[in-house]
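The values are calculated or read from the model by the stated rules, or taken from the named source; none is laboratory data. Keep in mind it's a predicted model, so treat the numbers as computed, not measured. All Cβ positions, glycine included, derive from the backbone under ideal geometry; neighbour counts span all protein chains shown. Just so you know, the surface numbers come from the protein's heavy atoms only, side chains and all, with ligands and any DNA or RNA stripped out. Shrake-Rupley method; radii C 1.70, N 1.55, O 1.52, S 1.80 Å.
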Amino acid sequence: MSTASGTPWPASAVRDDDGALVVGGVTAPALAAEHGTPAYVLDEGEFRARARAYQGAFTDAFAAIGAGVDVYYAGKALLTVAVARWAREEGLRVDTASGGELAVALRAGVPGAELGLHGNNKSDAELQAALDNGVGRIIVDSLGEIDRLADLAEARGVVAPVMVRVTTGVHAGGHEFISTAHEDQKFGLSVNAGPDGGDSPAVLALLRILARPSLKLLGIHSHIGSQILDSAGFGEAARTVLRLRAHLGVRTGVLVDEVDLGGGYGIAYLPQDQEIDPRKVAHEVAQAVAHACQELGTAVPRISIEPGRAIVGPAGITVYTVGTVKPVLVTADDNSTFTRLYVSVDGGMSDNIRPALYGAAYHAEIANRRSEAPLALVRVVGKHCESGDIVVHELMLPGDVQPGDLLAVAATGAYGRSMASNYNLLTRPPVVAVHDGASRVLLRRETVDDLLALDLG
Ligand SMILES: *Cc1c(COP(=O)(O)O)cnc(C)c1O
């Protein structure tokens with residue numbers, strides 16, 4: 001796997017005799033010829049290897065402290081019927097966060113019992129779909145949702161299995177994690193006491209669930225952030241959740257069976273990045289859980305985690321065709337000048353919003369040939385009517401990059417297609433799986449006819 005080398009490319013990525021990029025045994029020029037560009041290319045072997053790596057690492061680390069583990073693939077990172085099947089075949093369950101994601105997972109044949117449903121603002125229709133399909137856990141996110149779900153379950157004569165999403169005050173992302181008293185964001189229920197010093201929203205939610213016979217309280221859920229490269233935050237959040245679990249146990253006699261520690265495991269986007277090591281983080285979190293439970297005098301709960309990006313991110317690349325190449329003379333702060341080569345590709349912020357949304361950094365390479373040309377300072381941009389339409393902010397590429405070249409961007413498997421838009425009425429690119437030298441379309445490219453079909457005139 002690419003863990004050790006720190007490369008953002010799938011482990012299968014090599015260059016052929018012509019210097020063309022090969023992924024999953026298929027060359028970038030062959031992919032472009034068969035499927036067009038831009039195209040998301042997904043290495044099935046890499047996805048499966050990563051699913052197994054997380055499943056294995058957490059299962060082993062928690063077996064050592066006597067706890068069982070469930071790994072839920074966070075479908076919001078990228079969900080297609082085939083992707084959901086791969087996850088299931090590797091022993092993972094699937095987390096969904098909308099009625100649409102739920103429908104795709106069900107279409108893939110994932111049993112409802114192996115699905116989770118998230119969301120801070122689930123509609124009645126989404127809650128009903130979860131109940132009607134026997135979704136294994138509905139992660140409630142507000143007090144109002146608890147009542148709504150209890151009423152819907154009661155009306156159907158079923159018992160809804162629920163977890164409560166809490167905010168632990170640990171928020172992590174990138175390299176830092178900070179522990180703050182109160183969080184100012186929309187997700188979850190705080191473990192901190194209310195303004196009057198009374199019960200926290202999290203405790204109130206747990207008590208309210210226990211009071212409703214149409215709800216079954218499975219456990220407590222915490223998700224601390226995304227693209228986390230420092231494992232310390234996960235242990236910190238686990239301790240807080242386990243204290244809350246013990247508090248509820250003393251208070252009500254109900255020691256919940258399960259604790260979910262969410263996703264957020266960080267990956268390498270750039271050649272110099274080092275992704276989080278699943279074995280290391282699993283071991284650290286297991287030790288934190290064992291320690292905390294020992295101190296609290298409680299049994300160790302079943303643990304679940306929800307990686308999305310870490311499973312699918314590095315398995316995906318995007319292949320573009322270069323169009324315009326434009327040298328731009330730039331004046332720096334000290335009045336010196338330099339040339340930046342603007343390389344325009346046939347997609348952009350509609351297929352990868354992350355640079356514009358988060359300032360996310362990516363790595364790209366010419367994918368159809370090798371070049372010995374001296375490197376030039378490049379900015380890869382898209383074709384949208386927006387100057388912030390940037391794919392790669394800053395990159396050194398061979399200075400002979402030219403119209404017609406293929407450009408591959410690494411690590412676009414997560415939150416690329418799933419966040420794609422039709423801005424400028426571009427049609428969303430296909431997702432093409434590669435494996436053992438063959439390619440297969442998982443999601444076809446949208447067509448202008450698809451767009452026109454939505455427009456009722
Ligand atoms: C987004 C999200 C995940 C997945 O996050 P990744 O960074 O892709 O691992 C898991 N759980 C919840 C609740 C989420 O919101």
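Antiparallel beta bridges, as assigned by DSSP with both residues in the stretch 333-457, represent about 80 percent of the total such bridges.
The orientation-averaged projected area of the convex hull spanned by the Cα atoms of the stretch 237-326 comes to 8.8 nm².
Each peptide among 321-333, 379-391 gets the average number of other Cβ atoms lying within 10 Å of its residues, and from highest to lowest they stand as 379-391, 321-333.
Taking the chain, how many lysine pairs are there with alpha carbons less than 18 Å apart, if each pair must be eight or more places apart or span two chains?
Numbers: LYS76/LYS122; LYS76/LYS186; LYS122/LYS186; LYS326/LYS383.
Final tally of qualifying lysine pairs is 4.
Given +1 at the Cβ of Lys and Arg, -1 at the Cβ of Asp and Glu and no other charges, the dipole of the chain around its Cα centre is 760 debye to the nearest 20.
Of the residues VAL300, PHE62, HIS363, the one whose Cα sits farthest towards the positive end of the charge dipole of the chain is VAL300 (charges of +1 on Lys and Arg Cβ, -1 on Asp and Glu Cβ, taken about the Cα centre). Only protein atoms count toward the accessible area here, which uses a 1.4 Å probe; on the chain, the carbon and sulfur part of that area reaches 52 percent.
Per residue, the stretch 222-376 exposes 40 Å² of accessible surface when a 1.4 Å probe is rolled over the protein heavy atoms with every protein chain present.
Computed with every protein chain present, the accessible area of MET419 is close to 70 Å² [probe 1.4 Å]. Helices in the chain, meaning DSSP H runs of at least 4 residues, each add -39500 (n - 2.57). Divided by all residues, the mean residue ellipticity at 222 nm is -9000 deg cm²/dmol.
Annotation: LEU296 carries an accessible surface of approximately 60 Å², with a 1.4 Å probe and no ligand, DNA or RNA atoms counted.
Show me the ranking of peptides 407-413, 10-16, 341-347 by mean Cβ neighbours inside 10 Å, starting with the highest.
Put in order of decreasing packing, that is 407-413, 341-347, 10-16.
Only helices at least 24 Å long along their axis, Cα-based, and averaging -0.5 or more on Kyte-Doolittle count here, so list those DSSP H runs from the chain. Helices passing the filter in the chain: 232-252, 278-296.
The Cβ shell under 13 Å around GLY382 holds other residues with a net charge of -1, Lys and Arg each +1, Asp and Glu each -1.
The DSSP beta bridges internal to the stretch 1-124 are antiparallel in roughly 40% of cases. Let me know the charge dipole size of the stretch 253-297 about its Cα centre in debye, to the nearest 20, where only the beta-carbon of Lys, Arg (+1) and Asp, Glu (-1) is charged. Around 120 debye, computed over the stretch 253-297. Report the normalised scattering of the chain as log10 I(q)/I(0) at q = 0.06 Å⁻¹, calculated by the Debye formula with identical scatterers on the alpha carbons. For the chain at q = 0.06 Å⁻¹, log10 I(q)/I(0) is -0.29. When both bridge partners sit in the chain, DSSP labels roughly 50% of those beta bridges antiparallel. Among THR37, THR337, THR318, the sequence by solvent-accessible area, most first, with a 1.4 Å probe is THR337, THR37, THR318.
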